[in-house]
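Read-outs throughout are calculated quantities, based only on the coordinates presented, and are distinct from any laboratory measurement. None of the values given here were measured: they were computed from a predicted structure. No Cβ is skipped: glycine too gets one built from the backbone with ideal geometry, and neighbour counts run over all protein chains shown.
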């Protein structure tokens with residue numbers, strides 16, 4: 001049995017689908033089981049219950065470790081779980097003690113290592129799905145308002161993350177590894193707005209916000225100040241710097257990573 005935390009999220013839902021396609025038994029955790037909408041064959045349970053009976057491997061979304069991962073990991077060990085596949089972040093490679101995102105993911109990884117569980121740490125860079133935060137203003141005004149338009153990222157499709165996660169759960173070849181998962185191309189935020197416009201068939205313009213304006217918007221949208229500050233520093237550091245493409249998706253899956261244009265084609269309806 002494979003236990004999937006964050007099962008209704010951007011990565012969790014396609015991961016459940018990938019495991020089902022492989023004929024694997026899946027227990028999907030969600031805060032609202034009645035609304036999950038999973039297909040027949042998926043066992044659905046409440047996140048707070050964390051049922052681990054019969055589970056051999058677990059996919060750990062970082063949200064389940066809020067407040068400390070210790071009790072969760074002890075429960076996994078006590079129930080004979082063998083492997084944890086952790087949705088971490090490329091930020092874990094940053095040793096900056098002031099980077100809240102990096103520190104949080106590094107601490108989670110270290111807690112999993114200390115638990116004695118076999119592990120795989122998935123370290124995606126920027127999610128292509130992060131641009132869904134632009135959807136409302138693109139739909140209503142055809143505009144993206146964000147800071148650091150020239151900041152470059154290498155957006156990764158959530159299906160690529162999910163398919164690598166499925167490989168990590170189903171097989172042994174990734175045990176003890178920490179693949180970095182990115183898309184195949186570096187794009188500025190301005191470029192991403194343009195590609196979204198191409199997908200929806202109408203131009204999308206980019207309007208630059210100052211860092212202070214962006215910080216106020218993020219905090220007003222319930223982003224914790226430490227997270228807002230970390231994100232703004234990361235974007236500032238990425239201005240004019242091409243984001244390196246990792247070969248790990250292609251190496252693991254035997255095919256190229258999906259492009260941002262492919263992602264926008266999959267999600268065009270969200271922006272129309």
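Contact order for the chain, expressed relative to its length and based on alpha carbon pairs under 8 Å spaced 6+ residues apart, stands at 18 percent.
Seen against the Cα atoms of the chain and their longest principal axis, helix 260-271 is set at about 80 degrees.
Beyond 15 Å, what share of the Cα-Cα pairs of the stretch 214-272 is found? Please give it as a whole percent. It works out to 70 percent of all Cα pairs. Exposure proxy shown here: for 167, 258, 251, the number of other Cβ atoms within 10 Å sets the order, fewest to most, as 251, 167, 258. Neighbour counting of Cβ atoms within 10 Å sorts the residues 96, 53, fewest neighbours leading, into 53, 96. In the chain, the DSSP beta bridges split such that about 10 percent are antiparallel, to the nearest 5. Direction-averaged projected area, Cα convex hull, the stretch 1-51: 3.0 nm², rounded to one decimal. Kirkwood analysis of the Cα pair distances in the stretch 16-127 returns a hydrodynamic radius of 15.1 Å. Compared with the alpha-carbon gap, the fully stretched path from residue 118 to residue 251 is longer by 45.7 nm at 0.36 nm per residue.
What do you get for Rg/Rh of the stretch 169-216 when both radii come from the Cα atoms and Rh is the Kirkwood radius? My calculation puts Rg/Rh at 1.24.
The alpha-carbon positions of the stretch 58-110 define a convex hull whose volume is 74 Å³ per residue.
Rg and Dmax over the alpha-carbon atoms of the chain stand at 18.8, 55 Å. A full extension of the chain between residue 49 and residue 21 corresponds to an added length of 7.5 nm, given 0.36 nm per residue minus the alpha carbon distance.
Quick one: helix 158-170 against the long Cα principal axis of the chain, what's the angle to the nearest 10°, folded into 0 to 90? Rounded to the nearest ten degrees, it is 20.
The stretch 155-236 has equivalent-ellipsoid semi-axes of 31, 21, 11 Å, by the square roots of 5 times the alpha carbon gyration tensor eigenvalues, sorted largest first.
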